[in-house]
Structures are given as structure tokens and as C-alpha cells.
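Report on one structure; see the data block that follows.
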Amino acid sequence: MVTGSSLRQDTPFTRPLSRRLFGRKCLGLTLSALGLAGCVSIPKSRYPAHDVSAEALEGINAFRAENGLQPLKIDTGLIELAKDQAGLMAAKQILSHDVEGDFESRMNKGGYRKQAGAENVGAGHADVADTLAAWQRSPGHRANLLMPEAIRFGMAKADAPEARFRNYWALILAGK
């Protein structure tokens, strides 16, 4: 089992830098590329992740209550982000926050700009309870679970039976 790593964004997210396009030629090429981008489909991971938020809700909220914090609510957008992260980690058989872009970029892309957020990832745990217990014992993961600004979360698991760890977990928490 691998507890994984934790990542926390304590300050509000910043907006991505905008780039200026100079010249009609560059603008034309960009518009052409955008038009073609709509025609390209991105293949789904061969290890589709599934939502485990409902199963984790009671355990997470009980842990937060023991520590004097408000309960979290399940957020469907965060579930999708967690599913993407878990599925990509399984597909690439790597435990990382940066499998397909950094955390802030993924949160911004998901519509969670300027919000406090945190992510826990893990691999090889037997079930949701085992994963949460491992995160509660790890200082960085524990801090994320107990993030006072958090009000919602999404959690997912991707099974990869032939991979070294056999499964990959992602939990994403966000504030207002």
C-alpha cells in the first residue's frame, strides 16, 4: 500500500495568464486549431474510475466532527475531477498530483477558480475505509482532511488489476 501524497492550495487560485496573439496569421492558425480540436475526441482511460464519495462521506465527516470541523457535502464536479485523476494515475500506473496537469490548472479547468482546495492521492488500499485510515495517519493527508475551509469533496477509485498497486484513489476537497 502506498499512502500517496497530499497537496494543498492555501491561497486562492490565480487566473491563468492570458496570452496575446499578434498578427492575423497567428490568429487564423489558432482559430483553425480550435475548430479542429472540436473534432478530436480524447480517449477515456482503459481504467475508468468510479465515484466512492457516498461511501466515504460518513467516515470523512465523522473524522472532521471529532476535530471540531463542519461536515462536507458531496460535489459532482469534484467527483469528476477525482475520477479523471484516479483514472489517469491507473492508466499511467503512477501516483502523482501532476499526471495530466498540476492541481491548480485542473481545478481551474473544472470551474473551481479562486477557491481553497486540496488533493489526496493513494494507491493499493483495500477499500475506502482503509484509504481514509491511511490518510488520517499521514500528516499531510490528515491536514487536507481537516482543512477548515473545505465545504465539499469528491472521491474516486480506479481499479488496475494488472498494475503494481491494483487500484488508485483520488480525493479532492474545495472551499466556497
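The values are calculated or read from the model by the stated rules, or taken from the named source; none is laboratory data. Computed from a predicted model, the values in this text were never measured in an experiment. Backbone-built Cβ (ideal geometry, glycine too); neighbour counts: all protein chains shown. To get the accessible areas, we keep the full protein, side chains included, count just its heavy atoms, and leave off ligands, DNA and RNA. Shrake-Rupley method; radii C 1.70, N 1.55, O 1.52, S 1.80 Å.
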Condition check: hydroxyl-bearing (Ser, Thr, Tyr) and under 15 Å from ILE172 (Cβ atoms). Does SER53 satisfy that?
yes
For the stretch 149-165, pairs from a residue that is without any contact (Cβ under 8 Å) to a residue 40 or more places away in the chain and farther than 11 Å from GLN93 by Cα to a residue that is of a type outside the set (Lys, Arg) and open to solvent by less than 50 Å² (accessible area, probe 1.4 Å), with Cβ under 8 Å and 6 or more apart or across chains, are GLU149/ALA116; GLU149/GLY175
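Here is a yes/no grid of residues against (1) more than 12 Å from the chain's Cα centre (by Cα); (2) under 20 Å from ARG164 (Cβ atoms):
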| residue | (1), (2) |
| --- | --- |
| ASN108 | no, no |
| GLY111 | yes, no |
| GLN115 | yes, no |
| VAL121 | no, yes |
| ALA133 | yes, no |
| ARG137 | yes, no |
Subset tally (residues that are farther than 17 Å from LEU132 by Cα and either among the hydroxyl-bearing types (Ser, Thr, Tyr) or in contact (Cβ under 8 Å) with a residue 60 or more places away in the chain (or both)) for the stretch 63-79
5
Quick one: in the stretch 80-102, of everything that is among the hydrophobic types (A, V, I, L, M, F, W, C) and farther than 12 Å from LEU171 by Cα, which residue is modelled with the lowest pLDDT?
VAL99
